[in-house]
Amino acid sequence: MNDKVNELRGKINELLERVEAFKPKVAAEIEDFRIRMLGKKGEVTALMEDFKSIAPELKREFGQKLNNLKNRTLEQINKLREEAEAQGGAGENRIGDMSRPGSAEQLGSRHPLSLVTNQIVEVFSRLGYTVAEGPEIENDWHVFSALNFPPEHPARDMQDTFFVEKNPDILLRTHTSSIQVRVMEHQKPPIRVICPGRVFRNEAISYRAHCIFHQIEGLYIDEGVSFADLKQSILYFAKEIFGEGATIRMRPSYFPFTEPSAEVDVSCNLCGGKGCNVCKGTGWLEIMGCGMVDPNVLENCGIDSKRYSGFAFGMGVERIAMLKYGVKDLRLYFENDVRFLHQFDSAL
Ligand code: PHE
């Protein structure tokens, strides 16, 4: 009996020494060590079995010793695991076990707003338009005054416009028409530009409005440009974006910088014009504003309004993407939840 007790004591001490001395070369060795010590057939586990047959008066001493051994082993394994993780591998070999399968890289995808912007730009580039960009922080002239906004126009109201440092002349652009003014000031007709960009309006955020959104506006100026040209260009655009079956209608509207002005509706691509909850039973979806550039605007930008005429149009990218992809809440575009974004992985 004494022999057996001594043997047990010796074994516990030996295992303790091995635990303290264990230095893995690669991370995978830690798991092997754990199985060899604490697994079902492990050495520490086997001692626990031996403990059952020990004399009752020795149980206290060996119970403590075995518990200590088990705890030390666990502590040591956890410590080594943490070290290996921190180093990206264990010991000298930082790569770890090279035979283990690699973890797949998650590929990102284009944001739906970029997808739609690219598509719209591509459609108009086929009609000979080039992309123009401009600053997001603008002055009153480029956003309002050059565009024929009377001084008392409500769009200049603090409600809609973010002003920079209380200076009424410096503001965040509320539409990308400001880019068109810059283009007209610097280029001679014929002009054909498409102006994508971020715009800012001081609006309460909801499922259908945000204080930051994206627009694409277009401008075409040449001799003899007519409303018929505008209508054909928009019809072509609508068919390219919403499908060959798409039709448009124009409703009279008002913008300070165009005369006449119109609001464009496209036939609802979800119900085919029959009426559904997206088009609120009308069969039509509003997609953009447009019109013939007001002669005052041409003159403000140094273009001879007797010789040249032109049309302009502007649309919200969020809205087009909502209609195209059936997105019901505009805030989703800005939250960057990968579960939402991954739905566009295979979109064009
Ligand atoms: N700038 C207008 C807006 O932001 C859109 C528009 C552009 C309307 C060009 C007509 C012509 O709402």
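The values are calculated or read from the model by the stated rules, or taken from the named source; none is laboratory data. Since the model is a prediction, treat every value here as computed from it, not as a measurement. Every residue, glycine among them, receives a Cβ derived from its backbone with ideal geometry; neighbour counts consider all protein chains shown. Just the protein is used for accessible areas: all its heavy atoms, side chains included, with ligands, DNA and RNA removed. Shrake-Rupley method; radii C 1.70, N 1.55, O 1.52, S 1.80 Å.
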Q. Relative contact order for the range 226-348: what is it in percent, counting Cα pairs under 8 Å that are at least 6 residues apart?
A. 18 percent
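Where does each of 189-199, 11-21, 46-56 land if you order them by average Cβ count within 10 Å, highest first?
Values: 189-199: 20.3, 11-21: 14.1, 46-56: 11.9.
Highest mean packing first, the order is 189-199, 11-21, 46-56.
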Q. Relative to the longest principal axis of the chain, what angle (0 to 90°, nearest 10) does the C-alpha long axis of helix 227-242 take?
A. 20 degrees
(Q) With angles folded into 0 to 90 degrees, how steeply does helix 112-126 sit against the dominant principal axis of the chain? Use alpha carbons for both and round to 10. (A) 40 degrees
Q: Quantify how much of the Cα-Cα distance distribution of the range 102-159 extends past 19 Å, in percent.
A: 62 percent
**Q.** the chain: Cys lacking any partner C-beta under 4.7 angstrom
**A.** Cys195, Cys211, Cys290, Cys301
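Among the GluC sites (Glu not before Pro) in the range 141-210, which ones are in a DSSP loop with at most 15 other Cβ atoms within 10 Å of the Cβ? Mind listing them? Walk me through the numbers on the way to the answer.
Details: sites: Glu152, Glu165, Glu185, Glu203; in loops: Glu152, Glu165, Glu203.
Counting only loop positions with at most 15 other Cβ atoms within 10 Å, the GluC sites (Glu not before Pro) in the range 141-210 are Glu152, Glu165, Glu203.
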Q | Rule-of-thumb Rg ratio for the range 187-329 [Cα; 2.2 N^0.38 Å; N residues] | A | 1.12
Q | Ratio of Rg to Rh over the range 72-217 (Cα coordinates, Kirkwood Rh, two decimals) | A | 1.33
Q. Could you give the distance between the Cα centres of the range 181-210 and the range 285-348, to the whole Å?
A. 8 Å
Q: Quickly estimate the mean residue ellipticity at 222 nm for the chain, helices only: each DSSP H run with n ≥ 4 gives -39500 (n - 2.57), and the total goes over all residues, rounded to 500.
A: -12000 deg cm²/dmol
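Restricting to Cα pairs below 8 Å that are 6+ residues apart, what does the relative contact order work out to for the chain? Please round to a whole percent. Don't skip to the end; give the middle numbers.
On the way: 519 pairs, mean separation 51.3, N = 348.
Taking the mean separation of contacting Cα pairs over the length of the chain, I get 15 percent.
List the relative contact order of the range 133-217 as a percent without decimals, with contacts defined as Cα pairs under 8 Å and 6+ residues apart. Walk me through the numbers before you get to the answer.
Values: 128 pairs, mean separation 26.0, N = 85.
It rounds to 31 percent for the range 133-217.
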Q: Would you mind listing how long the range 254-299 runs along its three principal axes, going by Cα atoms, in whole Å with the largest first?
A: 44, 13, 11
Q: Show me 31-37, 253-259, 58-64 ranked by packing, highest mean number of other Cβ atoms within 10 Å first.
A: 253-259, 31-37, 58-64
Q) How far apart, in nm, are the 7 Å Cα→Cβ label points at Tyr236 and Gln187? A) 1.6 nm
Q. Averaged per residue, what accessible surface does the chain expose to a 1.4 Å probe, in Å²?
A. 56 Å²
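Against the empirical 2.2 N^0.38 Å scaling, what ratio does the C-alpha Rg of the chain come to? Could you put the intermediate results ahead of the total?
Numbers: Rg = 35.8 Å, N = 348, 2.2 N^0.38 = 20.3 Å.
Here the answer is 1.76, to two decimals.
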**Q.** Kirkwood-Stokes translational diffusion coefficient of the range 1-143, alpha-carbon pairs, 37 °C, 0.692 mPa s, µm²/s
**A.** 156 µm²/s
